[in-house]
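A short worksheet on the structure shown next.
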Amino acid sequence: MLPGAARAADFYLSPDGSDENPGTAEQPYRTLARAQAAVRLSSVLGREPITVHLGGGTYYLEETLILTAEDSGSAEAPVVWSAEQGQTAVISGGMQLDLTWSLERPGVFRAETPKDVVIDQLFAEGVRQHMARYPNYDPAVAVYNGFAADAFSPARAARWTDPAGGYIHAMHKQRWGGYHYRITGKNATNEVQYEGGWQNNRQMGMHGEHRFVENIREELDAPGEWFHDAGAGMLFFQPPAGVDLDEATIEVARLRHLIELRGGQSDPVRHVELRGLVFRHAARTFMETREPLLRSDWTIYRGGAVLLDGAEDCSIVDCEFDQVGGNAVFVNNYNRRVAVRGTHIHGAGASGVCFVGDPDAVRNPLFEYHQRQAYADIDKTPGPKTDNYPADCVVEDCLIHDISMVEKQAAGVQISMAQGITVRHCSIYDIGRAGINVSEGTFGGHLIEFCDVFDTVRETHDHGSFNSWGRDRFWHLADAPAEQLPELSKLDTEKTVIRNSRWRCDHGWDIDLDDGSSHYEIYNNLCLQGGIKLREGFNRHVYNNITVNNTLHPHVWYDYCGDRIHHNIWMRAYRPARMHGVGEVDRNFFTSEADRKAFNKYQWDLESASGDPQFRDPATSDYRVADGSPALEAGFVNFPMDQFGVRKPAFKAIARTPDLPQYVPVVKSRKAAKAKRQAKQSAP
């Protein structure tokens with residue numbers, strides 16, 4: 001037994017404690033590693049509940065805390081790592097610097113740092129500051145908060161003595177995510193040399209304008225910017241207004257991962273809960289984001305501030321992830337019944353919560369978008385090859401916002417090669433790309449409900465607040481009999497349900513089912529801006545949805561698609577792309593008779609109706625229709641409009657809700673609307 005080890009179901013920690021203490025409330029331990037050792041030696045482990053109580057303060061980790069099967073509890077006796085009630089316990093992957101500042105030039109200060117310190121992110125009074133960059137940070141600019149075509153032009157680079165160690169960040173040419181490069185130097189004609197660019201799986205080169213550079217000493221010229229000369233051990237900082245360097249707490253990030261639950265299918269970590277903890281100062285990982293996901297434009301880094309790899313019945317509850325550098329939570333490969341509940345994720349450099357399985361669990365996996373295989377060559381066995389993927393997990397009542405701060409191939413919740421993931425009562429907003437992303441069909445069975453997702457696709461292009469694709473075995477399969485494609489589409493995926501949620505995307509579609517997304521049931525959704533897109537898939541059942549000032553976007557449907565679209569309220573004529581009349585599209589309700597008739601030539605909407613749906617109060621997002629509405633007569637059914645997003649009182653007090661569009665009321669025909677406008681313009 002370790003000296004002073006307690007034989008009790010409770011162990012206590014304090015940043016002011018000592019690892020020589022017995023771990024009691026009166027004499028707490030200081031480090032998480034010491035508490036871990038005590039838990040493992042406890043005689044009641046697995047037989048009685050154990051709680052590790054973390055008192056208020058910051059726990060600076062010297063190395064990642066790795067919990068294994070040896071740290072497991074049981075269903076009746078879980079192991080809980082919990083902040084003390086009413087106290088803020090911060091788990092930090094960084095360190096606090098004790099600096100002596102002197103004036104370098106007006107507004108810019110310098111301080112000597114320890115020689116072995118590598119600074120990836122710098123925080124002043126808890127707020128992440130900006131590496132010296134060009135162009136300067138501007139919160140009013142959506143893309144990168146500032147971009148310039150000449151970011152690393154020879155003319156710009158001529159200003160730089162030695163740019164090695166700087167970074168180039170650039171959007172994909174089509175804005176399908178971004179690229180990142182490490183600058184290695186420049187040549188005699190000031191052409192910048194760099195390495196990287198592996199962060200996007202559809203290589204098309206950088207965007208011509210959307211790019212910026214950072215970590216360049218000569219670009220330190222704005223409040224909040226800093227530059228660290230690691231070789232000289234010198235930090236330069238232009239503090240923002242209100243920050244007194246003589247009093248300010250200066251912290252830096254070091255570790256990529258703060259806590260890992262690392263087991264395996266044969267020996268998983270079981271029944272461990274992280275409760276009420278704040279995670280900060282995890283290092284950025286954008287240069288490690290390089291593993292391609294299946295036939296997508298995504299690459300992934302398998303890690304996060306908290307990593308779960310081989311866990312069962314473990315949970316993250318009432319925690320906060322504050323400005324971590326990469327992914328907040330990453331659920332990797334084999335995991336079962338992992339839960340993230342009541343958790344606040346904000347300021348993350350990449351995604352909020354990721355569920356990503358093993359490509360070797362997929363039959364006939366392909367990785368590059370343009371790769372194809374033949375019908376005769378594929379394995380026609382349904383389902384995955386192995387169990388090495390996340391399944392039956394949940395993200396519930398979580399507030400996720402202001403993420404993808406660094407990496408633009410990111411989502412509030414990212415799902416890939418996983419099965420049965422539930423996302424419920426989450427508010428997700430202010431994101432560069434999608435709020436919820438389902439990458440390929442493998443292995444489906446997901447449930448998304450009662451979510452509020454908006455202000456997404458702020459920096460990328462051609463996506464939706466919900467975004468998916470299904471580029472699985474059947475998709476673009478050479479020589480496949482067309483009539484067999486519907487059955488082939490079932491090989492890799494089970495039905496996914498999207499219901500009772502509110503969506504708004506101002507730069508794409510509210511719900512975007514892209515290439516091959518199949519076997520979806522979509523109902524009781526309020527779409528505020530971008531409508532619903534269905535492209536090139538099978539068996540999508542879309543009913544009882546409302547698209548405010550918008551409609552259905554049918555793109556490239558198969559002849560045998562099996563899609564059923566009915567009892568929706570549409571406010572515009574359909575907006576197809578490369579379409580011909582397939583699927584069952586009827587018994588809908590339109591706010592314009594002309595829109596109802598627009599696609600009758602495809603035998604669509606012959607039994608649909610039109611008129612004024614008589615919404616109760618669009619100004620407050622109450623799009624229930626009034627009693628006696630013709631929409632009710634046509635078969636539409638009201639659904640609740642007050643259950644979107646987070647339920648936790650603390651979250652409801654701070655969570656934003658989407659800006660509401662101005663509802664454009666019913667018009668009898670486009671011709672009548674035009675005549676009304678002309679009459680108004682000609683009036684004296």
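The values are calculated or read from the model by the stated rules, or taken from the named source; none is laboratory data. All of these numbers come straight from a predicted model, not from anything done at the bench. Counting neighbours? That spans all protein chains shown, and the Cβs are built from the backbone with ideal geometry, glycine included. With ligands, DNA and RNA removed, areas are computed over all heavy atoms of the protein, side chains included. Shrake-Rupley method; radii C 1.70, N 1.55, O 1.52, S 1.80 Å.
Residues of segment 62-203: accessible area per residue at 1.4 Å, in Å²?
Here the per-residue accessible area is 47 Å².
With θ taken as phi - 60° and the coefficients 6.51, -1.76 and 1.60, list the Karplus ³J(HN,Hα) couplings across segment 556-571 in order, rounded to whole Hz; mark glycine and proline as x.
With the stated coefficients, segment 556-571 comes to 6, 7, 6, 4, 10, 5, x, 6, 10, 10, 7, 6, 8, 9, 9, 10 Hz.
Just want the answer: with Cβ charges of +1 for Lys and Arg and -1 for Asp and Glu, which residue in Gly581, Gln121, Ala361 is farthest toward the dipole's positive end in the chain?
Gly581
Looking at the chain only, what percent of DSSP beta bridges run antiparallel? Nearest 5 please.
Of all bridge pairs located within the chain, approximately 25 percent are antiparallel.
Under 5 Å between amide hydrogens, which residues at least 5 positions from Ser74 or on another chain qualify, with H placed 1.01 Å from N in the peptide plane?
The list, which skips near neighbours in sequence, is Gly46, Val79.
What's the magnitude of the charge dipole for segment 511-585 around its Cα centre, counting Lys and Arg as +1 and Asp and Glu as -1 at the beta-carbon? Answer in Debye, nearest 20.
260 debye
Using only Cα atoms and rounding to the nearest 10 degrees, what angle (0 to 90) does helix 32-41 make with the longest principal axis of the chain?
Between helix and principal axis, roughly 90 degrees.
Take the eigenvalues of the Cα gyration tensor for the chain, scale each by 5, and report the square roots as semi-axes in whole Å, largest first.
Taking √(5λ) for each eigenvalue gives 45, 32, 26 Å, largest first.
Placing +1 on the Cβ of each Lys and Arg and -1 on the Cβ of each Asp and Glu in the chain, which of Pro139, Ser92, Ala653 has its Cα farthest towards the positive end of the resulting dipole?
Pro139
Of Gly420, Gly57, His344, whose Cα points farthest to the positive end of the dipole of the chain (charges on the beta-carbon: +1 Lys, Arg; -1 Asp, Glu; origin at the Cα centre)?
The listed residue farthest towards the positive side: Gly420.
Expressed as cubic angstrom per residue, what is the convex hull volume of the alpha carbon set of segment 341-465?
Taking only Cα atoms, segment 341-465 has a hull volume of 110 Å³ per residue.
Which whole-Hz couplings ³J(HN,Hα) result when phi for each residue of segment 196-211 is put into the Karplus expression 6.51 cos²θ - 1.76 cosθ + 1.60, θ = phi - 60°, listed in order with x for Gly and Pro?
Those phi angles translate into x, x, 8, 7, 10, 7, 10, 6, 9, x, 6, 5, x, 10, 7, 7 Hz.
About the Cα centre of segment 1-119, what is the dipole size in debye to 20, counting +1 per Lys and Arg Cβ and -1 per Asp and Glu Cβ, all else neutral?
120 debye
In whole percent, how big is the carbon plus sulfur part of the accessible area of segment 168-317, probe 1.4 Å, protein atoms only?
After summing per-atom areas, the C and S share lands at 42 percent.
What are the extents of the Cα atoms of segment 481-591 along their three principal axes, listed from largest to smallest and rounded to whole Å?
In descending order, the Cα extents are 39, 27, 26 Å.
Per DSSP H run of at least 4 residues, take -39500 (n - 2.57); add these up for the chain, divide by its residues and hand me the 222 nm value, nearest 500 deg cm²/dmol.
-1500 deg cm²/dmol
Could you report segment 528-658's accessible area per residue, 1.4 Å probe, as an integer in Å²?
Here the per-residue accessible area is 40 Å².
Tell me, what is the per residue accessible area of segment 406-446 in Å², probe radius 1.4 Å?
8 Å²
Taking amide H positions as placed in the peptide plane 1.01 Å from N, state which residues far from Gly166 in sequence (5 or more) or on other chains have amide H under 5 Å from it.
Ile183
Can you list residues whose amide H is under 5 Å from Asp10's amide H, if they're 5+ apart or on another chain and H is modeled 1.01 Å from N?
Sorted by chain and number, the residues that satisfy this are Thr51.
In segment 74-136, what chymotrypsin sites (Phe, Trp or Tyr not before Pro) fall in a loop by DSSP, with at most 14 other Cβ atoms inside 10 Å?
none
Residue-wise, which Karplus ³J(HN,Hα) couplings in Hz belong to segment 101-118, taking 6.51 cos²θ - 1.76 cosθ + 1.60, θ = phi - 60°, and x for glycine or proline?
For segment 101-118, the Karplus curve yields 9, 9, 7, 8, 7, x, x, 10, 10, 10, 8, 6, 10, x, 5, 8, 8, 10 Hz.
May I ask you to give the percent of accessible area on segment 15-124 that is carbon plus sulfur, with a probe radius of 1.4 Å?
Result for segment 15-124: 46 percent of the exposed heavy-atom area is carbon or sulfur.
Could you please state how large a percent of the accessible area of segment 390-483 is carbon and sulfur, counting protein chains only and using a 1.4 Å probe?
42 percent
Note down the accessible area of Asp387, probe 1.4 Å, to the nearest 10 Å².
So the heavy atoms of Asp387 present about 70 Å² to solvent.
Using Cα-Cα distances under 8 Å and only pairs 6 or more residues apart, what relative contact order does the chain have, in percent?
This gives 8 percent for the chain.
For segment 504-557, state the average projected area of the convex hull of the C-alpha atoms over all orientations, rounded to one decimal in nm².
The directionally averaged projection comes out at 3.3 nm².
Where the eigenvalues come from the Cα gyration tensor of segment 602-665, what are the semi-axes √(5λ) of the equivalent ellipsoid, largest first, in whole Å?
30, 13, 12
Nothing charged except the Cβ atoms of Lys and Arg (+1) and of Asp and Glu (-1): what's the magnitude of the dipole of the chain about its Cα centre? Round to the nearest 20 debye.
For this selection, approximately 2440 debye.
In degrees, nearest 10, range 0 to 90: what is the angle between the Cα axis of helix 670-682 and the longest Cα principal axis of the chain?
Helix 670-682 sits roughly 80 degrees off the main axis of the chain.
Take every Cα pair under 8 Å in segment 49-149 that's 6+ residues apart, average their separations, divide by the length, and report that relative contact order as a whole percent.
Relative contact order for segment 49-149 comes out at 21 percent.
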